[in-house]
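Coordinate-derived values only; no laboratory data. Bear in mind that the values here come from a model prediction, so they are computed numbers and not experimental data. FYI the Cβ positions are ideal-geometry reconstructions off the backbone, even for glycines, and counts take in every protein chain you see.
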Amino acid sequence: MTAANGPQNVISGLEAAARAARGPRGLPPVERWNPPDRGPLDMRIAADGTWSYFGSAIERPALVRLFSSILRRDGDRYVLVTPAEKFGIVVDDVPFLAVELEAAGDGHAQRLVFRTNVDDTTVAGPEHPLRVEINPVTGEPRPYIHVRGGLEALVTRSVFYELVNLSETRDTELGPMLGVWSEGVFFPLGPAPQEAS
């Protein structure tokens, strides 16, 4: 960012470009854009989902939702991209949080719909897998759902508990696993508890 493009000018420009680029469903076709790279922008998405700019939280949820619509992952890098330019930003973990779950049906026919903190909705399934990482130190699960274009949401603790309540045990190549079905796919959540003998 150059001196002529001060912090407020950059934000205003990104905001205007994002509004102008919205498609019929509200999401611009960021995957088709290849503009010049303007380098890093002092914007961060914290692990708790808070967006900040120059160290100050962005307080307007509508602005966060708008910026999230022009977020793209380029390899290991996250960028805000418009048809004219792109800027790298820092993402501490993943850019979104899955804050709400709606389950319909059961067994193989179950459908799990997640809503994120920026109001994206995602149905877990072959195109949007659910995965769980285990912290090697604490043993705590960290569940994620693929939202779009390589962007994931961390499933919040309360939503993960809902998933556990919906889970069933199934034998897998890793042994008995607790997991949930969605769109015909079984997603393991973790090892099934061993029954006391």
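For the chain, take the longest principal axis of its alpha carbons; what is the angle in degrees between that and the long axis of helix 157-166, to the nearest 10 within 0 to 90?
That helix lies at roughly 40 degrees to the long axis.
Starting from the amide H of Ile58, placed 1.01 Å from N in the peptide plane, find each other amide H under 5 Å away whose residue is 5 or more places distant or on another chain.
Trp51, Ser52, Tyr53
Going by C-beta contacts inside 10 Å, put Tyr78, Tyr144 in order with the fewest on the left. Before the final figure, lay out the partial values.
Working: Tyr78 21, Tyr144 18.
Placing the least packed residue first, the sequence is Tyr144, Tyr78.
Please rank Phe87, Phe186, fewest neighbouring Cβ atoms within 10 Å first, as an exposure proxy.
Phe186, Phe87
Among Ile134, Ile70, Ile58, Ile89, rank each residue by its count of other Cβ atoms within 10 Å, from fewest to most, as a rough exposure measure.
Values: Ile134 12, Ile70 24, Ile58 15, Ile89 20.
Ranking Ile134, Ile70, Ile58, Ile89 by Cβ neighbours within 10 Å, fewest first, gives Ile134, Ile58, Ile89, Ile70.
Which one, [x] 26.8, 92; [y] 17.1, 49; [z] 19.1, 72, gives Rg and Dmax of the Cα atoms in Å as derived from the coordinates shown?
So the structure-derived entry is [z].
Which one of Val155, Phe96, Asn165 has its Cα pushed farthest toward the positive end of the charge dipole of the chain, where Lys and Arg give +1 and Asp and Glu give -1 at the Cβ?
Phe96
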